[in-house]
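Remarks on the structure that follows.
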Amino acid sequence: MTTDDQAIPATDAGRLWGGRFSVGPDEAAWALGVSTSFDRKLWRQDLAGSRAHAHELHRIGVLDAGELERMLAALDRCAGLFADDAFPFLPTDEDVHGAIERWLVEDLGPLGGKLRAGRSRNDQIASDLRLWCRDACDELVMLIGALQEAFVEQAEQHLGWLAPGYTHLQRGQPVLLSHHLLAYVWMLDRDAGRLRDARARLDQSVLGSGALAGQTLGLDPAAYAEHLGFAGVAPNSMDAVASRDFALEVLSACAILAVTLSRLGEEIVLWATAEFGFARVGDGFSTGSSIMPQKRNPDIAELVRGKAGRVIGDLVALLTTVKALPLTYDRDLQEDKEPVFDAVDTLRLVLPAITGTVASLTFDRDRLAAASVGGFALATDLAEELVTRGVAFRDAHEVVGEVVRLAEERGVDLDGLDPAELAAVHPALDESVAARFDVQQAIDRRDGVNGTATASVRAQLDGAREVAAANRA
Ligand code: ARG
């Protein structure tokens, strides 16, 4: 049981309200509401907003030139404390905004109390999170660029190596290993594009919205945008304080990126098995077993695969929080920060680790080559050859199906059947079809711009190198 005696005092400096209450909040209520443990991460953005606000207060005459100077100096000192991880939070600080104001009053005296004019924590927190997300998008795009570069590097080094291409995890058609590796560059490029799109849409300033309806002091929303480097101003103060779709977009982009990475993690795990034996993960990205001394496990790729669950969870958590919230600000929105931080921080860990893993891969040319032939991998090529000889594909498919059945019975691959056997299946299968049983030719015939032919992949590499460099920059 909590009694009023145990409650926080009705007025204390780390809480930005209290005057209208005779007793302070109950301890359990306080414990639920306090957010400094996570929103302290926004100190940089909060102080940037405060600097912009101080300038605006000066422009409208609330702070004189001397006061502005003292205020800015105090905000700098405050930033120094945060940068040194030495900001003195108190248990009575409700959130990062309250903590900073409390500190300013301690540092500056009554001047510290002037900064709150014309703003609300509602527009402050929306501004802080937008600024944080903006930087996060930039950083993630750069990290994606580094991963793309690792793929480009590997694709370049292995140009000309064969690999089996799969559908249904059954061997389908032979490809160049580089073609498979470059597929990830384009998947990742869309991931980067989604982050860039989200960033472009969230790039609107919301300060000057006050609690919800704007403010009466003559503060200029465009001035905040200018100070904080936003591309524009959110046109509606109610929307500005109520909306978190910008955070949902960042989280969606993060979740899709995490899913891309989980597919990659899964492929690396498969390639590293004795059963596939296509690739070996470098020592620095492999782990051993505490009991089986021989083990070489792809834990990093597995963790990358596993982290997707958590990032998807972050997206679902915020979607669920925002769903059905009435306009404008509701305290539920305090729950926006942790999922956003978690998703971004997770990807900050994951991306460099998977980049190193990809760079560390050594491929087994012989095993890849052996797996890319056999298994009737050139059956489609043979059917397409029949098409060029005037056979309808529907019939060609049946004919080659029969050829495959025959070869299976004989225990040979397509090139192991003798010409007479082939001709007996269909007259168009004369001796010249043997040219279709060459893997390298099969690959180089696929010479559309998106194909696996050596020339196509070489051209693709140039494009891939460009997008990687653009994201990296
Ligand atoms: N800590 C709050 C949040 O993160 C700040 C805004 C509080 N606003 C309010 N009206 N209680 O959302």
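The values are calculated or read from the model by the stated rules, or taken from the named source; none is laboratory data. Note that the structure is predicted; figures quoted are calculated from it, not measured. Heads up, the Cβs are rebuilt from the backbone with ideal geometry, glycines too, and the neighbour counts pull from every protein chain shown.
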Q.
Among the residues that make up the stretch 296-306, is at least one of them outside any helix (DSSP H, G or I), modelled with pLDDT under 95, surrounded by fewer than 18 Cβ atoms within 10 Å (Cβ to Cβ) and touching a Ser or Thr at 6+ places or on another chain (Cβ under 6 Å)?
A. yes
(Q) Checking the condition crowded, with 16+ Cβ neighbours inside 10 Å, within 24 Å of GLN334 (Cβ to Cβ), of a type in the set (Lys, Arg) and within 31 Å of the chain's Cα centre (by Cα), which residue from ARG121, ARG116 passes? (A) ARG121
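Residues in the stretch 203-255 that are among the hydroxyl-bearing types (Ser, Thr, Tyr) and in a loop (DSSP other than H, G, I, E, B): how many? Quick ask: steps written out before the conclusion?
Pass one, the stretch 203-255, residues among the hydroxyl-bearing types (Ser, Thr, Tyr): 205, 209, 216, 224, 237, 243, 252.
In the following step, the residues that additionally are in a loop (DSSP other than H, G, I, E, B) were identified as 209, 216, 243.
Final tally of qualifying residues: 3.
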Q: Residues being touching a strand residue (DSSP E or B) at 6+ places or on another chain (Cβ under 7 Å) and either surrounded by fewer than 16 Cβ atoms within 10 Å (Cβ to Cβ) or of a type in the set (Gly, Ala, Ser) (or both): count how many of those fall in the stretch 185-208.
A: 1
Q | ALA74 free of Cβ contacts under 8 Å to residues at least 40 places away in the same chain, away from the ligand (no atom under 12 Å from the Cβ) and buried (at least 19 other Cβ atoms within 10 Å of the Cβ) | A | yes
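Residues that are under 27 Å from HIS180 (Cβ atoms) and among the acidic types (Asp, Glu): which helices (runs of 4 or more DSSP H) entirely in the stretch 361-473 hold 3 or more of them? Steps first, please.
Numbers: elements: 365-372, 379-388, 393-410, 419-425, 439-445, 454-472.
Answer list for the stretch 361-473: 379-388.
Which one is nearest to the ligand (Cβ to nearest atom), of the residues in the stretch 83-113 that are farther than 23 Å from ASP332 by Cβ and among the β-branched types (Val, Ile, Thr)?
Initial filter on the stretch 83-113 (farther than 23 Å from ASP332 by Cβ): 83-92, 100-113.
With among the β-branched types (Val, Ile, Thr) added as a condition, the list becomes 92, 100, 105.
Details: THR92: 15, ILE100: 12, VAL105: 19 Å.
Going through the qualifying residues, I end up with ILE100.
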Q) Which residues, taken from the stretch 307-332, are more than 16 Å from the ligand (Cβ to nearest atom), without any contact (Cβ under 8 Å) to a residue 60 or more places away in the chain, outside any loop (DSSP other than H, G, I, E, B) and not hydrophobic (A, V, I, L, M, F, W, C)? A) LYS307, GLY309, ARG310, GLY313, THR320
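Confirm whether LEU63 is away from the ligand (no atom under 16 Å from the Cβ) and over 20 Å from GLY229 (Cα atoms).
Details: away from the ligand (no atom under 16 Å from the Cβ): yes; over 20 Å from GLY229 (Cα atoms): yes.
Yes: the conditions hold for LEU63.
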Q: Just need a number here: residues in the stretch 171-184 that are crowded, with 19+ Cβ neighbours inside 10 Å and among the basic types (Lys, Arg).
A: 0
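Would you call THR380 surrounded by fewer than 19 Cβ atoms within 10 Å (Cβ to Cβ), at pLDDT 95 or above and of a type in the set (S, T, N, Q)? Spell out the reasoning first.
Working: surrounded by fewer than 19 Cβ atoms within 10 Å (Cβ to Cβ): yes; at pLDDT 95 or above: no; of a type in the set (S, T, N, Q): yes.
Considered against the rule, which asks whether it is surrounded by fewer than 19 Cβ atoms within 10 Å (Cβ to Cβ), at pLDDT 95 or above and of a type in the set (S, T, N, Q), THR380 comes out as no.
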Q.
Contact list please: Cβ distance under 6 Å, first residue in the stretch 118-135 and outside any helix (DSSP H, G or I), second residue of a type outside the set (D, E, K, R) and within 8 Å of the ligand (Cβ to nearest atom), pairs at least six apart or on different chains.
A. SER120/ALA211
(Q) Can you tell me which residue is surrounded by the fewest Cβ atoms within 10 Å (Cβ to Cβ) among those in the stretch 124-170 that are more than 30 Å from ILE100 (Cα to Cα) and among the small types (Gly, Ala, Ser)? (A) GLY160
